[in-house]
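The values are calculated or read from the model by the stated rules, or taken from the named source; none is laboratory data. Just so it is clear, the structure is predicted and the values come from calculations on it, not from any experiment. Methodologically, a virtual Cβ is constructed for each residue, glycine included, from the backbone with ideal geometry; neighbour enumeration extends over all protein chains shown.
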Amino acid sequence: MAEDREAMSPTKIGFSILWAACWTGIPIKAVFAVLAMTMGLVHFEGRFGLAFLIVFASPMTVFAVPIIIAMFETQFGEGIGLPIIFGMSIPVDIWALGLVGRTFFLERLRKEPPHDGLGFAIWWRAALIGTFFFPLLWCIVSRVTEIAIAASHSMAEMESMRQLFDTGLPIAERIGLELTIWGSISSAVLIVLAVIGISILGQSIRRMAEIARPVSANYQGLITRWDLMRVPTDQGLMLTSLTGVGVVFSLMFWSMLPVTTPHPHECCKRPDVRVEPVFKPVESLSSSAQRIATLAAQIGAMEQQKVATIDQKEKGKGKAEGETAKDSSAKTKP
Amino acid sequence: MLQPKLKSKVQCTDLNIGEVTKVVLDPLSHEISHIVVSVNGSGERQVAMGHVQVVTDDLVQLRAPSTEILALPPFKREDYVTTHEVEISHLEDHIHVTPGEVLVPLPDLEKSVKRRTFFMNFTTVIGFLIGLPIAYPILRFLMKPMYADFDNEWLKVGNVSKIKQVDVGVQFKYKKKVKEAYMPEAEVDKNVWVLQATPELLGKVYQGKDAEFRDARGKTIWTNKKDVPYLAFSGKCPHLGCAFKWRQHKALGQVFLCPCHLSIYDAAGKVLDGPAPRALDALPVRVSAGGEVEVIDMEFKAGTKSQIRII
Amino acid sequence: MDSKHSSPATISDHQPSTIERLVAFLDERVGLKEMQAKMLNEPLPGGSRWAYVFGSILLFIFAMQALTGTLLMFYYVPTADHAWASTQYIIHDVDYGWFLLGYHFWGSSAMVVCVIAHMSQVFLWGAYKKPRELLWIVGLALFGVVITFGFTGYLLPWDQRAFWATTVGVEILDKTPVIGDFIARFLKGGPTPGQMTLSRFFVLHVMVLPAALMALAGLHLFLFRVAAPAGPFTGTVEELKAKTDYFFPRQIWKDMVGMAFVFVSICALALWEPVVLLDEAAPDPGDYHPEPEWYFLFYFQLLRLKLFAGEFGQFMGAVALPVAFMVLLVALPFIDKDPERNIFKRPIALISWIAIMVFILLFTVASVINREFLD
């Protein structure tokens, strides 16, 4: 498939570079993330997937995230771990964008990559675009989703009135219908906005490419050139340093990893070290009397409730361990 | 060994009769036994290597005249299989009969040795760095029950009223509660030998020093005072862990006697005879005002000269 | 000669080191260099690709599951009276037990994700077409083994979730006509789930399925080498030739980076959400609403539709539909005979794939939403 290089669409340019660079960077960012989690610096609770996506797209989201947190009071994870991960991702992204950028310029654009700082050049453009565009996208998609959910609720209501079911549309079908309606609206808006954002970045890169020199080598030469670009001049140094860093991180990991589970079950909670409270006889007598009184009142209330019983099953156990893990937030006090 | 090349011309003493179309190997000796010559116009003949005088890159010189060669029986292809159809080990090491080579181009990207070694080493480094973080947790995981803390509870074993004579060993049987990991609590039967000791016996046992007992970290948890007139010895023989008895010996008098390998100890626990490597193991003992005897249950490694506590 | 190429050049007057002599010793007897070259110097048309890493990643995940699983077996007991307690012991008492159990638990999810990714990659690249039909079928068998691994392993902690999810799952299998009752009783080891069920699931999970997976994976690799890698679906001859490189070291390196990333991700998941058991399994589900593992949720939700109510509906949904879908997948290389492999020129294939992925996503999310309405 011969590339029509002159007319390569900005979306394609932006997407190709971002996709490759994000995937290049994520293994390194993931290592920092795991270290931060081991040290207990960050608690993701329910929004792990979202946090992953945001760290994945860090060239564009790195400065946008604090803005979103400030403007919309959303939380991606408590603790200073997330800012640390974002901080670490800046040099990683610059390096990744440089590597991917140079490869892209050579192979797809057949242009000579600018000598120094291509990575930084693409990175600041991506970060700038992301800082303005990403909060805007967040805001629009949130609003659209809210409206779409409300609209789908009312549509489903209408739908069920028209059905011949006595009780309305059954739950599973209704959920499926509503989800399809608001899900497709929301996804469509998200995709369109994302494409626009990527396209803006692509245009910016294309402007950079326009002033770059065309490259003269044949195709095989270009391929070999970017391929060998990945071989460092001093292999021994690079590999030894990498091993050294890995060993240091492993040692940190070993010392930080909790020996027993951070989420103990009711059955086996470790008794906390408690300071023995001072024994005050008068106080304890009166508090016992109070307790007896409250217990008596509770028993009276329970008996009343039993008389007026409608079976209210607790939603507790079944969801306690579910993906949303709301209860576990109570157990993970830093 | 001569290596006649396929497709090379075959020359008899008098004239050129054709070319080598096949080569036959001996599967046992891995040597070429025959060549098959396609004679111009009249089929193929199988010619033993004995007939071959000289071999060059494109010519095989035979030492027989053409008539003799042509008189050989025709070659029967159905009596043979190719080397692709049969497994003969290390064949290519010995046989080089192909004229020229069959080649495949080396990809351009693979031409750099530096590249090759870099990615090879990089792969090794990453592999090492994947295994490293989990090595330590795995080791600790497996070792968890191996060096468990000691349980230093005092256990009631009986009352001193059971002892009728001094310096005589009396076996007290008791039950110890054991909870292993997630298993329900179980009871094991244990025994301990208690003596009401005279000052002379105490002197022999303590030799003027109080006996200290420590926990796993080296902190002293109990001291058996040398003037307390009660001694408790662990019911396990220090040789290999058997339960021993208190018996009357022909020559040595009243002794502790282990039936397994006949170790004999006196009332002070000292080894009189037999393979025991050390004296009987004394246990922390205390007697309440009412005569209730309590011990801390300990077990020591069997068969060693020095006393090493394991439980 | 390949042997000269596969090792870095040695200077001729250099004394062979011990390692070099050992290698030469082995090479003379075993043909080590040639074997190594044949195994590793497999040319990949169009070069090594990140899209191809999923197969190796799956092997890596399996190795890690085997390792963590074996470690868990040092403390876990497959008896109804101790399964829950021994699992809790691992989580709360054994050093780093919670982490290794978490790794094993999330590793199984990672395996399902990578299996879907691998199957999708093969499908989108059209690498199931002739001559790779057998590869595809063996791959589907491997997929079945992976799903069965997840299903059998889920029961082992013997808490309410494990017990009731398995009960429901086996009941679904019971709906198979003719052999359903037999299969259900075989798996349960009786008319109702109990100790026999646990023993059978344990044996399947720990001996039978690993053996099956190793055998099938070996066959899968062999067929793959025989058929050769399919390569990219676009590209001129010049492009493919320029980018060709060998399996070793570049693809192996990419595989290794992929493995490292998956390893780190599973660690992250184990740290984010450690395994927490529910109460021990009891004959009465009580407040607990049975639910299968997340990768079955879409199907769980599908069966809630009124379309599949009633005995015939249940048969359609629980048996006919999945069987038909699997049969379709098996028959795929024989139905789709068009040699075109470019996904953008195979609209039916592309749309079907997108539709199936959206369907799975939709019903999975719907299942999660549905939890609110279970009273």
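Please enumerate the residues belonging to segment A:45-74 that are outside any helix (DSSP H, G or I) and either within 11 Å of chain C (Cβ to nearest Cβ) or under 14 Å from the mean Cα position of the chain (by Cα) (or both).
Across segment A:45-74, the qualifying residues are A:Ala57, A:Val62, A:Thr74.
For segment C:325-347, what are the residues that are over 17 Å from C:Lys129 (Cα atoms) and within 12 Å of chain A (Cβ to nearest Cβ)?
None - no residue of segment C:325-347 is over 17 Å from C:Lys129 (Cα atoms) and within 12 Å of chain A (Cβ to nearest Cβ), so the list stays empty.
Quick check on my filter: what residues within segment A:75-127 are among the polar types (S, T, N, Q) and either part of a helix (DSSP H, G or I) or touching a residue at least 40 places away in the same chain (Cβ under 8 Å) (or both)?
A:Ser89, A:Thr103
Here is a yes/no grid of residues against (1) loosely packed, with under 13 Cβ neighbours inside 10 Å; (2) of a type outside the set (Val, Ile, Thr); (3) under 27 Å from the mean Cα position of the chain (by Cα):
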| site | (1), (2), (3) |
| --- | --- |
| A:Ile185 | no, no, yes |
| A:Ile191 | yes, no, yes |
| A:Ile205 | no, no, yes |
| A:Pro214 | yes, yes, no |
| A:Tyr219 | no, yes, no |
| A:Leu222 | no, yes, no |
| A:Pro232 | no, yes, no |
| A:Leu239 | no, yes, no |
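Of everything in segment C:116-132 that's in a loop (DSSP other than H, G, I, E, B) and more than 16 Å from C:Leu142 (Cα to Cα), which residue is farthest from the other protein chains (Cβ to nearest Cβ)?
If we take residues in segment C:116-132 being in a loop (DSSP other than H, G, I, E, B) and more than 16 Å from C:Leu142 (Cα to Cα), then C:Lys130 is farthest from the other protein chains (Cβ to nearest Cβ).
Does C:His5 meet the test of being at pLDDT below 95, in a helix (DSSP H, G or I) and not aliphatic (A, V, I, L, M)?
Spelling it out, C:His5 is indeed at pLDDT below 95, in a helix (DSSP H, G or I) and not aliphatic (A, V, I, L, M).
Out of all the residues in segment C:227-255, which are assigned to a helix (DSSP H, G or I) and more than 10 Å from chain B (Cβ to nearest Cβ)?
Step one: list which residues in segment C:227-255 are assigned to a helix (DSSP H, G or I), which gives C:227, C:237-243, C:247-255.
Once the filter is applied, which keeps residues that are assigned to a helix (DSSP H, G or I) and more than 10 Å from chain B (Cβ to nearest Cβ), segment C:227-255 yields C:Ala227, C:Val237, C:Glu238, C:Glu239, C:Leu240, C:Phe247.
Can you say whether B:Thr198 is surrounded by fewer than 19 Cβ atoms within 10 Å (Cβ to Cβ), more than 22 Å from B:Glu153 (Cα to Cα) and of a type in the set (Val, Ile, Thr), as far as the supplied structure shows? Give the derivation first.
Details: surrounded by fewer than 19 Cβ atoms within 10 Å (Cβ to Cβ): yes; more than 22 Å from B:Glu153 (Cα to Cα): yes; of a type in the set (Val, Ile, Thr): yes.
It is true that B:Thr198 is surrounded by fewer than 19 Cβ atoms within 10 Å (Cβ to Cβ), more than 22 Å from B:Glu153 (Cα to Cα) and of a type in the set (Val, Ile, Thr).
Here's the yes/no breakdown for (1) polar (S, T, N, Q); (2) touching a residue at least 40 places away in the same chain (Cβ under 8 Å); (3) more than 9 Å from every other protein chain (Cβ to nearest Cβ):
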{"site": "C:Ala260", "(1), (2), (3)": "no, no, no"}
{"site": "C:Ala270", "(1), (2), (3)": "no, yes, yes"}
{"site": "C:Ala281", "(1), (2), (3)": "no, yes, yes"}
{"site": "C:Pro292", "(1), (2), (3)": "no, yes, yes"}
{"site": "C:Gln301", "(1), (2), (3)": "yes, yes, no"}
{"site": "C:Ala355", "(1), (2), (3)": "no, no, yes"}
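Got a sec? Which strands (runs of 3 or more DSSP E) wholly within segment B:209-311 have at least 3 residues that are within 30 Å of B:Asp149 (Cβ to Cβ)?
Numbers: elements: B:211-214, B:220-224, B:230-234, B:245-249, B:253-257, B:271-273, B:285-287, B:292-296.
Output list reads B:211-214, B:220-224, B:230-234, B:285-287, B:292-296.
Can B:Pro277 be described as of a type outside the set (A, V, I, L, M) and in contact (Cβ under 8 Å) with a residue 24 or more places away in the chain?
Yes, satisfied.
Determine if segment A:28-44 includes at least one residue that is within 14 Å of chain C (Cβ to nearest Cβ), surrounded by 16 or more Cβ atoms within 10 Å (Cβ to Cβ) and of a type in the set (Phe, Trp, Tyr).
Among the residues of segment A:28-44, at least one is within 14 Å of chain C (Cβ to nearest Cβ), surrounded by 16 or more Cβ atoms within 10 Å (Cβ to Cβ) and of a type in the set (Phe, Trp, Tyr), which makes the answer yes.
I'd like to check something: does segment C:316-336 contain any residue that is of a type in the set (Phe, Trp, Tyr) and closer than 29 Å to A:Gly46 by Cα?
no
Which one is nearest to A:Leu239 (Cα to Cα) among residues in segment B:141-164 that are within 11 Å of chain C (Cβ to nearest Cβ) and surrounded by 17 or more Cβ atoms within 10 Å (Cβ to Cβ)?
This residue is B:Phe141.
Testing B:Arg217 on (1) modelled with pLDDT of 90 or more; (2) surrounded by fewer than 19 Cβ atoms within 10 Å (Cβ to Cβ); (3) within 42 Å of the chain's Cα centre (by Cα), one condition comes back false. Which one is that?
Result: B:Arg217 fails condition (1) only.
Given the conditions (1) crowded, with 16+ Cβ neighbours inside 10 Å; (2) within 17 Å of the chain's Cα centre (by Cα); (3) modelled with pLDDT under 90, and given that A:Leu137 satisfies all but one, which numbered condition is not satisfied?
Among (1) crowded, with 16+ Cβ neighbours inside 10 Å; (2) within 17 Å of the chain's Cα centre (by Cα); (3) modelled with pLDDT under 90, the lone unmet condition for A:Leu137 is (3).
Results for (1) more than 9 Å from chain A (Cβ to nearest Cβ); (2) part of a helix (DSSP H, G or I); (3) at pLDDT below 95; (4) loosely packed, with under 15 Cβ neighbours inside 10 Å, shown as yes or no for each residue.
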{"site": "C:Pro274", "(1), (2), (3), (4)": "no, no, yes, no"}
{"site": "C:Tyr295", "(1), (2), (3), (4)": "yes, yes, yes, no"}
{"site": "C:Glu311", "(1), (2), (3), (4)": "yes, yes, yes, yes"}
{"site": "C:Leu321", "(1), (2), (3), (4)": "yes, yes, yes, no"}
{"site": "C:Ala349", "(1), (2), (3), (4)": "yes, yes, yes, no"}
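Taking segment A:130-161 on its own, how many of its residues are touching a residue at least 60 places away in the same chain (Cβ under 8 Å) and aliphatic (A, V, I, L, M)?
Here the count works out to 1.
Residues of segment B:1-28 being assigned to a loop (DSSP other than H, G, I, E, B), touching a Leu at 6+ places or on another chain (Cβ under 7 Å) and of a type in the set (A, V, I, L, M, F, W, C), which ones?
Selection gives B:Cys12 alone.
Somewhere in segment A:259-280, is a residue assigned to a helix (DSSP H, G or I) and either away from chain C (no Cβ under 14 Å) or at pLDDT 90 or above (or both)?
So far as segment A:259-280 goes, no, none of its residues is assigned to a helix (DSSP H, G or I) and either away from chain C (no Cβ under 14 Å) or at pLDDT 90 or above (or both).
Please enumerate the residues belonging to segment B:78-135 that are at the interface with chain C (Cβ under 10 Å from one of its Cβ atoms) and farther than 30 Å from C:Leu240 by Cβ. Reasoning before the result, please.
Within segment B:78-135, the first condition is being at the interface with chain C (Cβ under 10 Å from one of its Cβ atoms), and the residues that meet it are B:89-90, B:92-93, B:101, B:104-111, B:113-127, B:129-131, B:133-134.
Across segment B:78-135, the qualifying residues are B:Ser89, B:His90, B:Glu92, B:Asp93, B:Val125, B:Leu129, B:Ile130, B:Gly131, B:Pro133, B:Ile134.
Report yes if C:Met196 is more than 26 Å from C:Leu297 (Cα to Cα) and within 13 Å of chain B (Cβ to nearest Cβ), otherwise no.
no
Taking the condition at pLDDT 95 or above and under 24 Å from C:Pro43 (Cα atoms), does C:Ala227 pass?
Here the answer is no, as C:Ala227 does not meet what is asked.
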